[in-house]
Structures are given as structure tokens and as C-alpha cells.
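Visitor: Have a look at this one.
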Amino acid sequence: MAEQLLKVRGLKIEGRSDETWNQIVNGVDFELKKGEVIGLIGESGAGKSTVGLAAMGFTRDGCRISAGEVEFDGINLVNASAKVKRELLGKRIAYVAQSAAASFNPAHRLIDQHTEAPVQHGVMSKAESEADGMELYRKLRLPDPENIGFRYPHQVSGGQLQRAMTAMAMSTRPDLIIFDEPTTALDVTTQIEVLASIREIVEEFDTAAIYITHDLAVVAQMADKIKVLLKGDEVEEADTRTMLSDPKEDYTKSLWAVRSFQRPQKPYVQTGQTPVVSVSNVTAAYGKVPVLHDVSFDIHAGRTVAVVGESGSGKSTTARCITGLLPPKQGHIEFDGEALPLDYRKRNKMQLRQAQMIYQMADTALNPRKTIGELIGRPVQFYMGLTGKEKRKRVDSLLEEIELEPSVYYNRLPSELSGGQKQRIGIARALAAEPKFIICDEVTSALDQLVAEGILKLLAKLQDELGLSYMFITHDLATVKSIADEVVVMKDGRVVEQGPKDDMFKPPHHPYTDLLLSSVPEMDPDWLTNLLKERGVDNIGDAAVGKM
Amino acid sequence: MNIFIAIVLWLAAIAAAGWVFRFVGQKVTGNKPLFRDMSYGVAVGYILAAVLLVWLGWSYVLSRSPDQTIANKYFFLGKAVEGFLLFAASAWAFRIFGRNVGSAGTRKLFRSMPLTASFGILTIIIYAIVAIFAGAIAPYGQEEILGAANVVPGGNPAMGGNPDYPLGTDQIGRDILSRLIYGAQNTVGIAFATTVLAFLIGATLGFLAATLGGWLDQLLSRAVDVLMAIPSLIFALLLMTIASAWAGSEKGLLTFYMVVIIAVIDSTRVFRLARAVGLNIVVMDYIEAAKLRGEGMGYLIFREILPNATAPLLAEFGLRFCFVFLTIASLSFLGVGIQPPLADWGTMVRDLAQFINFAAFAPQVASAPLLAASAIALLTVAVNFVVDWMLHKSSGLKE
């Protein structure tokens, strides 16, 4: 058996809040051999990132390692001196953060940031490191590897930046790299190429890695073994294949089962029925930059239309056109057969009330200085004219509808709620206007899978009870599968394909739909390998999109 | 000994002591992380702080020396040390008082309050009481001319003081203590009114510009740019000269003009801040949601934007108050602000300014103009302490 590179034993971490130390990681153990990849998974707040950082002997401000050992190649990092750590970090242990865009210094060129660590640690000279950087860029299949390093971070795309960051972590040929959710912020098609290149380069240099993510399908592709964390506790650890085929603990099973929620396809809409919302031939532009070209689709009563596409495909812009925030240049929008004024300022209260919106980031969609009662009470008062006791009664019934206890939550501020609860408040605020139609803009993409499933179920229940129509904007095809009745696929501001869900998930597809569908990671650990074989290494992600 | 050689020797000694301090610390504590990871610069910093503290203590001892020439040399430093200790002690006592008296809410507030904030609050309370009840507290009237002129502060007859006038009298024989107390009423009251007015104008227009954008934003912002391009004190001086011609002998009217002029000039700074903060808030989804609900401009500005902009505006309020206060004092010092015989701290500093020349040999005499100056300084510091603390609380920063 090979020598263990990293040994973490009984690791306990405390965080300071309200003047006391609270334990946030309650004893985690794991070992990592050279060249081995461990996946840490769990919901937000499970302590994944905290454990990942502690593997470098580092804790965030306001946290401390209270017990346990982190032994890297025989050196105990918990009580190592600053000098010893400085020798290791950035040289033998590297870190890849979730948001490459926020982690690169926007004022320096990529290659200058790339060479910093090797030069600082005396591994290579600046010229050697630059040449090596280009080699790494080529290995990671970045376009134009000789010159891309001379660009600034804002001049390359998100997926490319994430790969440049992986190259930077590799620049000193470390023994251990910690990947903290490196693909979470990326589109599915971009995610694939980042995953493929990370896996390839980790294998090539025989680097050990800790891969932190909340996406099971992703970790299945990357890791040799998986460790599941829940609220700072270790749930179970096993070899990837064993873990996927035969999870032991109930919690793990529930994580595995999340993706199974699916509503049956509703009967097709009869022709001749007046749609609730009808978008016809809409063309829109931001200033002079055109973003939507001739977009048309209908949304019928009690149906969910999912609008799918990558970022920049015009999904959210379509929503802005419907709400009137961005009046289209051409085309018109009908509500119940009547044309709506294109600018929201020209719409009357009744028209505004009928179409409501739920936002992706509940954090920015709820005024942080207002209590839940005020947030939901405002539309009740504004549209229904209810005040005093009647308003309170209505708010209470809305809170019950979204499955939150009114007496507990009425006086809370948004900051005192969890992400899923905030999103429920967003739903209640939309419901308070008693609308016919709700636009859901990526409502579940910022949430953990279990929480997201709860929100989807709630939306489905409300639709059945109140006969609502939804326009569901998302880039996640699993969500589409579970909730949509009809699907609209968008690319570059155009509708590529549309139709009932069942038809859309059955071949034949439009080539772009096909690419999107096949890019969604599956729980099968061989999925990525097979996909790469099928498409060929040079024909994934951006490259594949570009060829269309 | 040459002063440069002395400085170099001192620095060398401190540098060496820093190294020794760290080395000994490592050996004695068995290499505890505090000493192990201490950088050399930090170690020198500790030593430097210790040396300064010792010097301060020794100087204080000298300021109490029976030999008048030595004591005079260290007079102000001694007073400063005494003042600092007195303020610290009273702030500490006030905090203890706050922790044990009052509702559960205020007690909880005091429990997590830093000493600086409790000092600030105490000072502001005292200033407010003094300003409101000036007529009852002051021993004499602010315009009352008493018998003796130029009585030295301190109330010690041997030094030229008079126990009837503990802080002395000015050149025409008015009691300085009484004028300080009335000055609180005039200066602080007017400064407060001016700052509030500046905020009303600046914040409303700033939020309006941020929300509406377009030509209104351009118009307001460029107008503000023009006003800001002119040095503010000179501009205020210019306008005040015009205003005094308009007001003629109406002194109340002139004060009103001064409030408006300073408020308008200072509102330009508030406008910029409010607009910048507002721009960050109007892009939030909750503003979009409110717009799509069909809410009016008033609701948007005062119910959606304002609550989220209070923290930076509050910080600015504290600073702005101090600047306004100093502007009024400066204008009064220059003779166009608050008009005599009304007592005002700025005017008092100007009137007694020449006594500062006595600082070297008769520090008691020289302290006369410094009394009003320190009244200004104390309030400025206190307001900023409180604002810092409020900011810290509202930003939710930990430790």
C-alpha cells in the first residue's frame, strides 16, 4: 500500500459568533494517497469548504481548529509555524476557488499571476515558468495557448478562466490540490470541458486532490472515493462505485433520490384555446446590441413552460420583455388575448398584478431591512387594499400556503431565514398579488438539491390548487424534466426548438438540444469517459457549440 | 549631544530590544504561536509602544514637579494625560451604569459597547444637556461684562486667577465658562440644524438622481460638480459677504442665511454619496419588484432605498456634522459667522488667540483660547466614535 500523503484525524473546527465558540465541524477523518482524488459532498453549511481549507492548515477569519490533526507528508499543519506553512502552501499544496473571476486579480495578466508562485518559491525562473504555463494551457486545451496568457482575466470566458486557474494551481507541480466547487458557476456545456481537463491533468501529474462540490453527478466523474458530510458531521465514506450503487445511510440515500421527482406530462393543449401569455415575434436590444430575434411562444392556463439555454442565450431578457422592463423593438405581448402596453410604466395596476416574478437570488429580491410581514403585506395592501387585521390574516394564510409557521416568521428579517425559506417568501410575495401568471427566473439554481426539490414540489402544488401558469427559466435540464409541461430551447437570442416535454426528451433533437441534453452529468462514474470517447476530445464544450 | 545621533542611537536600541524581546518570549513560553509567528516588525512595535508609554509617564511626573520652569514645560502634556485618564474613567463608569440601569434592550447594547462609544455617547449627552439648559447652568450671562478683564484660567489667585471665574475672563471681562456654555447652545444647535438641512437636500436629490437617471441625473450631477469645483470655505465666505449686505443689521436673519448657505454647499457632498449608494441599491431585484408592482417614486425612495442606505449616510452625517461645525467656527473666526455678542466657540478662539504666545512661560494664560478649541475637538471626536460604533454594528462585522 502506498504511503499516505494527507492524514486528517479527528478534525474539529469552531467558529465564533455572538461572542461564543460554536463547533462547526465535529470530528472528520480521512486519508489521501498520492494521486488519489477524494470528493467531499454535502449541502451548504455542511462544512465542506471549511474542511477543505483546513486540509491546508488554514481557517477563515473567526474560525479555529480546536482539535485533531492534519498531517501532510509527515508535517502536522495544525501547529506548524507560519514559516513552515509558507514553504508548503502554493508550492506543494494548491487551491482552486469556486469563482475564478473573483479570484484572479483583474489588474494583472494571466501569465504574470501564473508565474508568481513558482518564482516566489524558487521552483522555476520567470521565463521557465512562462514556457511551462503555455504548455499547461495547451494541456488544458485552452484556445491559442501561446497567447492566451497575455490576456487580462476579463478578456477570457468563465470556463477558460477556471482552466487558467487550474493551470496556475499546477504551476508548481503540487502534491495536493483542493478544488472548491470549481464548476458550480458554469453552464453544463462549459462544465464538461473544465471537468475533463481537470481530470486529465490530475491524472497526468499524479496529483492528489480534494474535490468539493454539492453535485453528485460531478463528483461521480472526478473522485476515487466520496465522503458525505452533513452539518459538520461525517455521514459516510466509501469508494465511488460502492457509494453510488450501495449507499448505507438514509441521508445519502435521500441525496441520491432527489433527482427522482417528476410530474407526469399533462395532456397537450387543444388548438384554438386562448393562451394566458402569448409572445409573438419579439425582437429586443440593449441599446444597439441585439439580444432577441423574433421570439414567439405561448403559455396556456395551468401549464409550465420551461425556457432553457446557456447564459447569454436571452432567457432572462425574454422575461424582461414580458414584464415590460425592456420594451421590445418589434413584436407584441398578449395577455388573455389582449395586447399589453410594452412599457411597464404604461400598464395599469390590474395588468401589473396579473403577472408576477420570482427571482433567482432571494437575497437581492427581498429588501433586507423589511420583515417578512411587511414584505408580503405590501402587495396585499397595494393591490387588495386590505389593512390592519384583514391584511394580517391574508399574510398568515399566505405563509401557511408556503408551509412556514406565521407566528414564528411574521416578524423576522430575511437575514434570519435560510436560502430555501427566503425563496418561499419570494413565492408568497408573488402569490399575494393573486396573479394568473408567474415568471420563475432560475428560482432553484442557487439552492441545494434537497431544498430545490422542496421548492419545485411547492410550485407544483400551488399550480394545481390555483391554476397558475409558469414561465420557468432555467439552465438545469433536471429541473425541466421534473416540472415542465412544455419546453422552449433558446440559443443566441433565438428559439431553436419548442414543444411538449415528452417530445423534447425523445430523439430526434435539434443538434443544440442534443448537445445540452448530453452535457448533463449522470450518476454513472463512466459517463464522462464515454462521452469524451463519443464526442472526441477536441469536440466538447465551447468547441462543440462553436461548430453549430 | 547631536539630536540626530540621539535618534539613531534610540532607534538602534529599540531595534535590538525588539529582537531580544521576541527571542526571550520564544524561549520563556516554549515557542507559543504568539511569539513563534511574530514578525520582527511587530516585536519592534511592541517595544516602541512600551518606550512611548514610559516616556509619557515620566513626563507626567515632571509636569507635577515643584520647579515651575520644568512643570510649565510639561503643563499641557500633563493636562492631556489627566484629561485622557478622566475621560476613560468616566466612560468606563458610564458603561457600567448603562449595563445595570435601563431596559433589557439598552443593557444588552451597553454590554457589547466599546469604551470609545460609551465615551462618545456620554460626551454628546453632556453637550446636549449643557446646550439645552445653558441659561440655568451658566453662572453669568453671555453678554455680561464683569469687573475684571483677562483673569487667568485656573482660579488660583497666586497665578492671577479668581475663584469667582474658574476659567477666567476675556479681554473685556466676560466670564469664559459662561460663554463656553452658551457657545454650546449657539454653535452646536446651528451646526445640527445645518447638517440636517444639508442631508434633507442632498439625500433626496441624490436618490432621485439615482432612481430616475437620464437628464435629471445629468443636470443635478453637473450642477453639483460646479458647486464642488469652488473651494468651499472661500465660496461660503463670498456668499456670506453678500448675505451680510442683504441682512443689514438683522443678526438673526444673517444666521439664517448662514445655515442655508452652508447647508447648500455641504449638500453637494451628501448628494454624491447618496447618489453612489442609491445607484448600488436601485439595481437590486427588490427595487425591480417594487417598480413592477407599480409603486410610486416616494415609496421607492423612502421605503425601499432609504432603509438600506442608512449606514453610509449615518457615517457621513457624523463626519459632515463635524465639518459643518468647523466651517461655522472658521466663519466666526473670520468674523462673518455667528455675530457678537452671541457667544460662539470659533469667535472665542479668535478673540483670545494672541494668548497662545504665552505658552512657553505662562501656560495657564495660554490655555484660555484652547478651552474653546478643545470643546470643539472633544465633540468632533465624540461624534465620530459613536458613528464608528454604529457603523460597526450595522455592518455586522465580527471582532
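The values are calculated or read from the model by the stated rules, or taken from the named source; none is laboratory data. For clarity, every value in this text was computed on a predicted model and none was experimentally measured. We place every Cβ from the backbone using ideal geometry, glycine too, and count neighbours over all the protein chains shown. Heavy atoms of the whole protein, side chains included, go into the accessibility calculation; ligands, DNA and RNA do not. Shrake-Rupley method; radii C 1.70, N 1.55, O 1.52, S 1.80 Å.
Visitor: For the stretch A:397-440, give me the residue count where each residue is under 17 Å from A:Leu458 (Cβ atoms), part of a helix (DSSP H, G or I) and acidic (Asp, Glu).
Guide: So the answer is 2.
Visitor: For the stretch B:259-299, name all the residues that are within 11 Å of another protein chain (Cβ to nearest Cβ), in a helix (DSSP H, G or I) and in contact with a helix residue (DSSP H, G or I) (Cβ under 8 Å, 6 or more places away or on another chain).
Guide: B:Ile281, B:Asp285, B:Tyr286, B:Ile287, B:Ala289, B:Ala290, B:Lys291, B:Leu292, B:Arg293, B:Tyr299
Visitor: Can you tell me how many residues within the stretch A:298-319 are within 14 Å of chain B (Cβ to nearest Cβ) and at pLDDT 90 or above?
Guide: Going through the stretch A:298-319 one residue at a time, the tally reaches 1.
Visitor: Here's a follow-up. Considering B:Phe76, B:Phe35, which residue is at pLDDT below 90, within 28 Å of B:Ser374 (Cα to Cα) and either surrounded by 11 or more Cβ atoms within 10 Å (Cβ to Cβ) or not assigned by TED's automatic domain parsing to the domain that holds B:Ala373 (or both)?
Guide: Of the residues listed, the single one that is at pLDDT below 90, within 28 Å of B:Ser374 (Cα to Cα) and either surrounded by 11 or more Cβ atoms within 10 Å (Cβ to Cβ) or not assigned by TED's automatic domain parsing to the domain that holds B:Ala373 (or both) is B:Phe76.
Visitor: I would also like to ask the following. Is there any pair linking a residue in the stretch A:83-109 that is more than 27 Å from A:Ser157 (Cα to Cα) to one that is acidic (Asp, Glu) and not in a helix (DSSP H, G or I), with Cβ under 9 Å and at least six apart or on different chains, and which?
Guide: A:Lys83/B:Asp37; A:Leu88/A:Asp73; A:Arg92/A:Asp73; A:Arg92/A:Asp175
Visitor: So, one more: Considering the stretch A:35-49 alone, what residues qualify as being modelled with pLDDT of 85 or more and open to solvent by 10 Å² or more (accessible area, probe 1.4 Å)?
Guide: Residues satisfying the conditions are A:Glu36, A:Val37.
Visitor: Same structure, new question: Yes or no: A:Val295 open to solvent by less than 10 Å² (accessible area, probe 1.4 Å), modelled with pLDDT under 90 and more than 11 Å from chain B (Cβ to nearest Cβ)?
Guide: Here the answer is no, as A:Val295 does not meet what is asked.
Visitor: Continuing with this model, one more query. Of the conditions (1) surrounded by fewer than 22 Cβ atoms within 10 Å (Cβ to Cβ); (2) farther than 28 Å from A:Leu136 by Cα; (3) modelled with pLDDT of 85 or more, A:Val228 fails just one. Which one is it?
Guide: It fails just one condition, (1).
Visitor: Going through B:Leu279, B:Leu216, B:Leu306 one at a time, which residue ends up being aliphatic (A, V, I, L, M), within 29 Å of A:Thr323 (Cβ to Cβ) and open to solvent by less than 50 Å² (accessible area, probe 1.4 Å)?
Guide: Exactly one of B:Leu279, B:Leu216, B:Leu306 is aliphatic (A, V, I, L, M), within 29 Å of A:Thr323 (Cβ to Cβ) and open to solvent by less than 50 Å² (accessible area, probe 1.4 Å), namely B:Leu216.
Results for (1) closer than 30 Å to A:Lys12 by Cα; (2) in a helix (DSSP H, G or I), shown as yes or no for each residue.
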site	(1), (2)
A:Glu87	yes, yes
A:Ala94	yes, no
A:His108	no, no
A:Glu116	no, yes
A:Ser129	no, yes
A:Met134	no, yes
A:Leu142	no, no
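Visitor: So how many residues does the stretch A:338-369 have that are more than 9 Å from every other protein chain (Cβ to nearest Cβ), more than 32 Å from the chain's Cα centre (by Cα) and more than 17 Å from A:Val276 (Cα to Cα)?
Guide: Selection size over the stretch A:338-369: 1.
Visitor: Among the residues in the stretch A:121-138, are any modelled with pLDDT under 85 and either touching an Asp or Glu at 6+ places or on another chain (Cβ under 6 Å) or open to solvent by less than 10 Å² (accessible area, probe 1.4 Å) (or both)?
Guide: no
Visitor: Which of the residues belonging to the stretch B:288-314 are of a type outside the set (Lys, Arg) and free of Cβ contacts under 8 Å to residues at least 24 places away in the same chain?
Guide: Once the filter is applied, which keeps residues that are of a type outside the set (Lys, Arg) and free of Cβ contacts under 8 Å to residues at least 24 places away in the same chain, the stretch B:288-314 yields B:Glu288, B:Ala289, B:Ala290, B:Leu292, B:Gly294, B:Glu295, B:Gly296, B:Gly298, B:Tyr299, B:Phe302, B:Glu304, B:Pro307.
Visitor: When the residues of the stretch A:148-164 are narrowed to those that are in a loop (DSSP other than H, G, I, E, B) and over 21 Å from the mean Cα position of the chain (by Cα), which ends up surrounded by the most Cβ atoms within 10 Å (Cβ to Cβ)?
Guide: A:Gly149
Visitor: Would you point out which residue out of B:Leu220, B:Leu208 is among the hydrophobic types (A, V, I, L, M, F, W, C) and under 30 Å from A:Leu340 (Cβ atoms)? Quick ask: steps written out before the conclusion?
Guide: Values: B:Leu220 fails: under 30 Å from A:Leu340 (Cβ atoms).
The unique qualifying residue is B:Leu208.
Visitor: Would you please name the residue that is nearest to A:Phe472 (Cα to Cα), looking only at residues in the stretch A:354-413 that are touching a residue at least 12 places away in the same chain (Cβ under 8 Å) and small (Gly, Ala, Ser)?
Guide: Among those residues, the one meeting the criterion is A:Ala355.
Visitor: Select, from B:Thr29, B:Thr69, the only residue that is within 14 Å of another protein chain (Cβ to nearest Cβ), among the β-branched types (Val, Ile, Thr), loosely packed, with under 15 Cβ neighbours inside 10 Å and out of contact with any Leu (no Cβ under 6 Å at 6 or more places or on another chain).
Guide: Answer to the selection: B:Thr29.
Visitor: Another one. Hey, A:Thr479 hits all of (1) of a type in the set (Val, Ile, Thr); (2) in a helix (DSSP H, G or I); (3) in contact with a helix residue (DSSP H, G or I) (Cβ under 6 Å, 6 or more places away or on another chain) but one; which does it fall short on?
Guide: Only one criterion is unmet by A:Thr479, namely (3).
Visitor: Okay, moving on. For the stretch B:200-213, which residues satisfy the criterion of being within 23 Å of the chain's Cα centre (by Cα) and buried (at least 22 other Cβ atoms within 10 Å of the Cβ)?
Guide: Of everything in the stretch B:200-213, those that are within 23 Å of the chain's Cα centre (by Cα) and buried (at least 22 other Cβ atoms within 10 Å of the Cβ) turn out to be B:Gly202, B:Ala203.
Visitor: Next question, about the same structure. Of all residues in the stretch A:131-168, which are free of Cβ contacts under 8 Å to residues at least 60 places away in the same chain and either in contact with a Ser or Thr (Cβ under 6 Å, 6 or more places away or on another chain) or not assigned by TED's automatic domain parsing to the domain that holds A:Glu193 (or both)?
Guide: A:Arg163
Visitor: While we're looking at this one, here's another question. What is the residue count in the stretch A:499-520 for residues that are touching a residue at least 60 places away in the same chain (Cβ under 8 Å) and touching an Asp or Glu at 6+ places or on another chain (Cβ under 7 Å)?
Guide: Selection size over the stretch A:499-520: 2.
Visitor: Here is a check on your reading of the model: is A:Ala544 out of contact with any Pro (no Cβ under 7 Å at 6 or more places or on another chain), open to solvent by less than 60 Å² (accessible area, probe 1.4 Å) and modelled with pLDDT of 80 or more? Step through it out loud before you land on a result.
Guide: Working: out of contact with any Pro (no Cβ under 7 Å at 6 or more places or on another chain): yes; open to solvent by less than 60 Å² (accessible area, probe 1.4 Å): yes; modelled with pLDDT of 80 or more: no.
No.
Visitor: Then there is this: Is it the case, given these coordinates, that A:Glu390 is away from chain B (no Cβ under 14 Å), part of a helix (DSSP H, G or I) and more than 32 Å from the chain's Cα centre (by Cα)? Before the answer, list the steps.
Guide: On the way: away from chain B (no Cβ under 14 Å): yes; part of a helix (DSSP H, G or I): yes; more than 32 Å from the chain's Cα centre (by Cα): yes.
So A:Glu390 passes the test.
Visitor: Next question. Scan B:Arg36, B:Arg99, B:Arg95, B:Arg107 and give me the residue that is of a type in the set (Lys, Arg), within 14 Å of chain A (Cβ to nearest Cβ) and touching a helix residue (DSSP H, G or I) at 6+ places or on another chain (Cβ under 7 Å).
Guide: B:Arg36 is the lone residue from the list that is of a type in the set (Lys, Arg), within 14 Å of chain A (Cβ to nearest Cβ) and touching a helix residue (DSSP H, G or I) at 6+ places or on another chain (Cβ under 7 Å).
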